[in-house]
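Read the structure below first, then the notes.
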Amino acid sequence: MQNLSRRFSTLQVPKLSTPPPQPIRPLFQYSKIQHCRKILEHRIITVLDVCTTLTQAQQVHAHVIANGLSQYSYVITKLIRTLTKLGVPMGTYPELVFRRVTRPNPFLWAAMIRGCVIEGQVSEAVRFYGLMRREGTGPVSFTFSSLFKGCGSVGDVSLGRQVHAQTVVIGGFAADLYVGNTMIDMYLKCGELGCGRKVFDEMPERDVVSWTELIAVYAKSGDMGSARELFEELSLKDMVAWTAMVTGYAQNLMPREALDCFERMRGAGVGIDEVTLLGVVSACAQLGACRYANWVRGIAGESGFGPAENVLVGSALIDMYAKCGSLDDAYDIFRGMKQRNVFSYSSMIWGFAVHGNANAAIELFHEMLTTDVIRPNRVTFIGVLTACSHAGMVDQGRQLFATMEKYYNVTPSAEHYTCMVDLLGRAGRLEEALELAETMPIVAHGGVWGALLGACRIHKNPGIAQIAASHLFELEPKNIGNYVMLSNIYASAGRWGDVSSVRKLMREKGLKKNPAYSWVETKNGGVEKFSAGDTRHPDYEDIKKALEDLLNRLQDHGYRPNLNSVDYDVGDEEKMRILMAHSEKLALAYALLNADTGPTIKIIKNIRICEDCHGFMCGASQVTGRHIIVRDNMRFHHFENGKCNCGNFW
Ligand code: ZN
Ligand code: ZN
């Protein structure tokens with residue numbers, strides 16, 4: 001330094017007239033090389049981004065080698081990621097490329113680990129992690145996020161815990177949002193909700209991703225209380241978080257809460273997308289009221305996700321209108337769709353089927369086949385087989401069932417066998433139905449035996465009913481409906497001893513009958529709810545009087561009460577009193593008293609309609625000239641001019 005200053009001090013100061021000397025730039029050559037390499041790297045990476053075949057990637061790799069870049073971790077990382085994207089097995093070409101790099105940086109290691117995880121080789125990913133640590137290279141957040149994703153995808157929580165431990169041992173990742181989120185995700189995917197929540201609670205900083213994921217998992221597990229608690233704590237609620245709540249309520253059969261939440265969401269000025277709408281549509285379908293159906297249809301149209309534009313929302317709207325009892329609206333939506341897929345067809349076919357419009361369902365099925373592009377799936381077949389079953393079209397049903405695997409590559413599932421047992425059973429071929437249930441190639445579930453039991457009720461066959469029920473009691477020991485059904489079958493055969501032993505069985509198992517409810521929709525969108533023998537309704541006296549009048553008129557037209565529908569061994573008068581207190585009869589009388597229920601009376605019932613009420617509704621549709629629709633837990637009954645479109649089989 002001293003030397004240097006001395007040298008400077010001895011330097012002659014140049015005259016002002018001469019130009020100042022050029023500054024000395026000793027690094028000039030080096031930076032030029034670096035600059036050129038940067039440009040080259042950039043070009044290679046840009047080209048790698050657009051590679052769509054292995055050959056193209058190999059060509060780029062050749063350039064990498066030719067330009068002396070095969071030791072540059074940055075470029076090689078990109079090459080490995082491209083090979084991963086192209087689905088090249090990590091153990092082959094990518095690993096060879098990787099091995100040529102003498103000192104891979106943490107990002108290159110992470111790319112190898114990520115590649116293994118993507119192809120499902122989680123143990124390979126862990127092996128690379130071990131190698132990396134042995135070489136003394138530290139991880140980056142990307143390393144852990146990949147490992148967590150891998151553990152989550154194979155559901156290996158013990159491996160996940162070890163990776164979690166590594167983040168703690170190495171340290172410095174506690175505040176990393178990305179690592180934290182993937183760690184929560186791993187625990188949730190492994191079914192460890194408690195651990196996921198603990199990680200969440202301990203995160204110093206949390207973003208909407210982690211909140212929403214936890215909310216969605218709580219919703220899925222049916223714990224809407226915890227989901228809501230978390231949601232309310234979240235300060236910046238975005239569309240995804242709101243949607244998780246709306247969908248959660250809908251999935252947990254809490255339609256009113258779903259709609260309230262949706263209203264709040266709209267009030268908060270948050271946008272909506274098709275997932276939000278699908279949740280809302282599902283909630284409206286559960287409510288079964290046309291007012292809500294029309295309302296959500298309007299919103300879908302306004303938000304640009306109307307049935308004409310969005311095939312998923314359109315299909316859901318079809319399903320919703322069918323469930324609300326308005327087949328015309330469902331069909332209107334179906335016809336208005338610019339684009340239809342297998343879901344739209346299946347929803348419409350199912351709608352026709354449950355409304356007893358078998359011919360329309362089958363016609364539409366054939367129309368779908370003529371499109372040549374839309375192939376029927378398992379849901380389509382459930383719809384079309386249900387249609388055959390409800391219309392007693394045994395041969396057609398058998399034919400369709402035989403073709404589904406042969407021509408359409410749809411292997412019959414237990415649901416399809418249920419449809420077939422139902423089809424045969426309803427048609428009175430109980431032995432055949434029993435044989436099918438006993439010999440079907442997959443294990444019969446409760447649905448199959450339930451269909452057989454239902455058929456035994458229609459055709460009054462206590463013998464086969466007993467066989468079906470014994471399977472059901474084993475498969476669904478807590479399903480009260482099966483016990484009640486068997487007891488009904490015994491009762492209508494007058495086998496009171498058997499009735500009381502079924503009752504005893506129910507008592508021993510601590511099972512209680514579900515209370516029966518009926519709802520009737522009023523014009524202003526309200527809903528009136530009735531339970532069996534409900535005397536608390538403010539208009540009870542009027543309802544009772546209207547029901548008595550109606551009964552007298554029906555008896556003049558030949559209606560006789562079906563006393564067998566009562567499975568209590570009591571006197572006929574008492575049986576009559578019980579029958580007249582059934583909730584759907586109360587709902588009907590209320591609807592007749594109140595003009596605002598409209599020309600079509602719509603009643604929704606939570607359990608199966610009994611034979612007596614069915615006959616009563618038939619008669620009522622005749623003497624009052626009204627169209628009465630009853631949705632029970634099986635199907636829709638359309639009563640018009642003294643007949644039901646189910647043909648008295650349900
Ligand atoms: Zn009834
Ligand atoms: Zn019916």
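The values are calculated or read from the model by the stated rules, or taken from the named source; none is laboratory data. Remember, it's a predicted structure, so these values are computed and weren't measured experimentally. Reconstructed Cβ throughout: ideal geometry from the backbone, glycine too, with neighbour counts over all protein chains shown. The accessibility values were calculated without ligands, DNA or RNA, using every heavy atom of the protein model including side chains. Shrake-Rupley method; radii C 1.70, N 1.55, O 1.52, S 1.80 Å.
Overview of values
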{"item": "Thr411 paired with Ile33, simple spin-label distance in nm, labels 7 Å along Cα-to-beta-carbon", "result": "6.3"}
{"item": "Taking segment 408-531 and dividing mean pair separation by its residue count, relative contact order in percent (alpha carbons under 8 Å, at least six apart)", "result": "17"}
{"item": "Residue list for segment 95-127, given a label point 7 angstrom along the Cα-to-Cβ vector of Ser70 and an amide N cut-off under 16 Å", "result": "95-104"}
{"item": "Amide H within-cut-off set for Ile603, under 5 Å, with H built and near neighbours excluded", "result": "Ile629, Val630, Arg631"}
{"item": "Per-pair calculated FRET efficiency, R0 = 30 Å: His537 and Arg507 via Cβ, rounded to 0.05", "result": "0.45"}
{"item": "Set of aspartates and glutamates near Lys323 by C-alpha distance (under 12 Å), chain-local residues within fewer than 8 positions excluded", "result": "Asp632"}
{"item": "Residue-span extension gain [Arg577 to Gln466] - 0.36 nm each, minus C-alpha spacing", "result": "37.0 nm"}
{"item": "Student exercise, the chain dipole from Lys, Arg, Asp, Glu Cβ charges, in Debye to nearest 20", "result": "3140"}
{"item": "Packing rank of 108-120, 357-369, 85-97, 212-224, where each peptide gets the mean count of other beta carbons within 10 Å, highest leading", "result": "108-120, 212-224, 357-369, 85-97"}
{"item": "Nitroxide proxy distance, nm - points 7 Å out along Cα→Cβ at Ala493 and Glu474", "result": "2.0"}
{"item": "Centre separation in Å (Cα based) which lies between segment 444-499 and segment 320-380", "result": "33"}
{"item": "25 Å Cα-Cα reach of Lys198 towards lysines, excluding residues that sit fewer than 8 places from it in its own chain", "result": "Lys149, Lys189, Lys220, Lys237"}
{"item": "Surface accessible to a 1.4 Å probe, His557 within the full protein complex, Å²", "result": "120"}
{"item": "Segment 576-592 - phi-based ³J(HN,Hα) in whole Hz, Karplus 6.51/-1.76/1.60, Gly and Pro as x", "result": "4, 5, 5, 4, 6, 9, 4, 4, 5, 5, 4, 5, 5, 4, 4, 4, 5"}
{"item": "Segment 124-162 versus segment 587-648: alpha-carbon centroid distance in Å", "result": "63"}
{"item": "Using a Förster distance of 60 Å, the FRET efficiency for Ala268-Glu438 (Cβ separation, nearest 0.05)", "result": "0.60"}
{"item": "Exposure rank, largest accessible area first [Trp496, Trp449; 1.4 Å]", "result": "Trp496, Trp449"}
{"item": "Ranked order, Arg577, Arg206 - accessible area, probe 1.4 Å, largest first", "result": "Arg577, Arg206"}
{"item": "Amide H contacts of Met90 (H built 1.01 Å from N, under 5 Å, at least 5 apart or other chain)", "result": "none"}
{"item": "All aspartates and glutamates inside 16 Å of Lys512 as judged from Cα atoms, apart from same-chain residues fewer than 8 positions distant", "result": "Glu476, Asp567"}
